[in-house]
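This report refers to the structure that appears directly beneath it.
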Amino acid sequence: MKTYLPWVFPIILILISGCSMTFDGMDNQQLILLLDNKSQSRQFAIMDELLKRQLSDTQYQDLAGKMPEILEVPSQVLVKQKALELALQKYPDKAETWLCNALLNERLDVNVQKMYVDTLAEMHSVDSLGALIYCGYPGRLHFQYQGDFVPPIQADYSHAIEKISGRPLDTFLLDVVGGGEMSETSGQKMNLQSNKVRLCALYWLVQRQGRGMVATRLKKQSGNIDKELMVLWYWLDHFDYLPSNFSQYCNMAQMLDELAQEDLVKLKSIYNDLKLKGYMFEICDSWFILNFKDQILASDRNMLINSINVKLQNIGHSKRRPTHRGASDDYLENFESQIDSLSLVDLERIRMLIGWLEKRDNREILANILKEDLYNENTELGGLCMIEDGQLKFKVYMSGNAISDHAYVENDKLWDDAVKCFSRWHCHAGASQDNLPGPGIDDMRYVTYVKTPNLIITLLNDMNGLEFNIDYINPSGKVIDIGVYGSK
């Protein structure tokens, strides 16, 4: 005998009672206005009633204005099924656009996603292929200003893409990346020729086939390269590098535009030498490598590790307390246990940062920044650490959206300048940061998205001179505690 949870019956009763609602004496316009009522059982019944009625042109337009929100906003699957039925019956020419837009809502219930994807496949909706690739790539990250990362949405996108395109998924994805004939389709909300769609196709291919196989297949297309593919091809051919998200692609394109040909030749030569030392290229390292090429090329990895170890052992450290053992914020931050995760360029950055912090005047610079952050109740303070005349310089950038004293939102100017930075940085100086030195999980995930090192500067106390902790996050999201420092 099956056992049912007690809360199941009220939900069933609500839906049954909602479906049995009568709307005698109510005209179509009144029913359409009632759709703004957030009661899901009432919405279900109203849509069921509207399916049975004929609509005037004005009513048709009014209802069309409400349908996208009803299809997108999270709600019960039964309500979505009824909304889908209404959209397909009343608006067959608009339904596929609405469904594609709804799939871009990362918080859509997985069963609703599957329903929409299956519907697009049944419709043989060629115009939906761009959205299906963009939404279906299993590894895509969605970053919200609030710092929330939403897990990739899951449905059988691959089957839908194959059914609509009539081709194996890998073959079709490669053609989209290369801008082949199948990507000539126009009119979709997310065109197959858009950079974001082509990059998602690329990342999906790499995940399925491996970087080496995809690189080999891309090289076969080198005779027919458009501007977007040329960016990918240049860094792949010269630096064995493929981006893992759209942020990195933008950095690649910007770096290619900003670096003179002479600098690109130098960078290639330096990379060839560093590759012999086991270095794997990161686009964010380009400017640092060009500025400190002699120092990096002369570095001995083991000697550099020993030097950093000695200095860190003579500095106090403060560990962020995790939520609980084994939690996502229970991460390593000691240098010794993460050496293998640090590149030669990471090590040089850490060495330079420690050397910079040894000078009292430099520590005073960070103390003053923390003071300013402490008295700013609208946003955390942040910006870029740049390299000027061979020295580090912390530059403050105004928050792009001052939403909270416990968040820093980067503005467009910072994003443009970050391609040539030593690192990003921001402060944790609010009262809620007590005993929480170092990055939160949102900080670490953001770094792996933008693939740029980040420094987290945490105020520990402001008694008898400021005391702060500083942590280095490398492009892969590994945290290294650089230690506790005082302004004096």
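Listed by position, the helices (runs of 4 or more DSSP H) contained in region 301-384 that have at least 3 residues being surrounded by fewer than 18 Cβ atoms within 10 Å (Cβ to Cβ), out of contact with any strand residue (DSSP E or B) (no Cβ under 9 Å at 6 or more places or on another chain) and outside the structural domain of Tyr279 (by TED's automatic domain parsing) are 301-313, 360-374.
Looking across region 77-110 at every residue that is of a type in the set (Val, Ile, Thr) and within 28 Å of the chain's Cα centre (by Cα), the one that is farthest from Tyr157 (Cα to Cα) is identified as Val77. Residue count for region 469-486 under the criterion of being over 22 Å from Glu282 (Cβ atoms) and either in contact with a helix residue (DSSP H, G or I) (Cβ under 7 Å, 6 or more places away or on another chain) or surrounded by fewer than 22 Cβ atoms within 10 Å (Cβ to Cβ) (or both): the result is 4. Scanning region 275-306 for residues that are touching a residue at least 40 places away in the same chain (Cβ under 8 Å) and among the basic types (Lys, Arg) yields a total of 2.
Here is a check on your reading of the model: is Tyr397 of a type in the set (Ser, Thr, Tyr) and under 28 Å from Ser286 (Cβ atoms)? Answer is yes for this residue. Within region 461-488, restricting attention to residues that are at pLDDT below 90 and of a type in the set (A, V, I, L, M), the residue that is nearest to the chain's Cα centre (by Cα) is Leu466.
Listed here are the residues, each with its yes/no results for (1) buried (at least 22 other Cβ atoms within 10 Å of the Cβ); (2) at pLDDT 95 or above.
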residue	(1), (2)
Asp389	no, no
Lys393	no, yes
Glu410	no, no
Trp415	no, no
Lys420	no, no
Ser432	no, no
Gly440	no, no
Leu459	yes, no
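A residue that is assigned to a loop (DSSP other than H, G, I, E, B), more than 24 Å from Lys163 (Cα to Cα) and touching a Lys or Arg at 6+ places or on another chain (Cβ under 8 Å) cannot be found anywhere in region 95-117. Summed over region 114-162, residues that are buried (at least 16 other Cβ atoms within 10 Å of the Cβ) and at pLDDT 60 or above total 27.
Conditions tested, residue by residue: (1) crowded, with 18+ Cβ neighbours inside 10 Å; (2) modelled with pLDDT of 80 or more; (3) assigned to a loop (DSSP other than H, G, I, E, B); (4) more than 35 Å from the chain's Cα centre (by Cα).
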residue: Gly25; (1), (2), (3), (4): no, no, yes, yes
residue: Gln30; (1), (2), (3), (4): no, yes, no, yes
residue: Lys38; (1), (2), (3), (4): no, no, yes, no
residue: Gln43; (1), (2), (3), (4): yes, no, no, no
residue: Gln59; (1), (2), (3), (4): no, yes, no, yes
residue: Asp62; (1), (2), (3), (4): no, yes, no, yes
residue: Met67; (1), (2), (3), (4): yes, yes, no, no
residue: Ser75; (1), (2), (3), (4): yes, no, yes, no
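Before we move on, is Gln81 in a helix (DSSP H, G or I), closer than 24 Å to His124 by Cα and among the polar types (S, T, N, Q)? For Gln81, the condition - in a helix (DSSP H, G or I), closer than 24 Å to His124 by Cα and among the polar types (S, T, N, Q) - is met.
Can you work out which of the residues in region 264-300 that are touching a helix residue (DSSP H, G or I) at 6+ places or on another chain (Cβ under 8 Å) and assigned to a loop (DSSP other than H, G, I, E, B) is surrounded by the most Cβ atoms within 10 Å (Cβ to Cβ)? So the residue we want is Glu282. Leu256 fulfils the conditions (1) part of a helix (DSSP H, G or I); (2) not assigned by TED's automatic domain parsing to the domain that holds Phe288 except for a single criterion, (2). The single condition among (1) over 21 Å from Leu120 (Cβ atoms); (2) at pLDDT below 85; (3) surrounded by fewer than 17 Cβ atoms within 10 Å (Cβ to Cβ) that Gly187 does not satisfy is (1). Restricted to helices (runs of 4 or more DSSP H) entirely inside region 191-240, those with at least 1 residues that are touching a Ser or Thr at 6+ places or on another chain (Cβ under 8 Å) and at pLDDT 75 or above are 195-209, 227-239. Output the number of residues of region 377-399 satisfying the condition of being within 20 Å of the chain's Cα centre (by Cα) and either closer than 12 Å to Cys421 by Cα or free of Cβ contacts under 8 Å to residues at least 24 places away in the same chain (or both). Summing the residues that are within 20 Å of the chain's Cα centre (by Cα) and either closer than 12 Å to Cys421 by Cα or free of Cβ contacts under 8 Å to residues at least 24 places away in the same chain (or both) in region 377-399 gives 3.
The values are calculated or read from the model by the stated rules, or taken from the named source; none is laboratory data. Being a predicted model, the structure only gives us computed values, none of them experimental. Backbone-built Cβ (ideal geometry, glycine too); neighbour counts: all protein chains shown.
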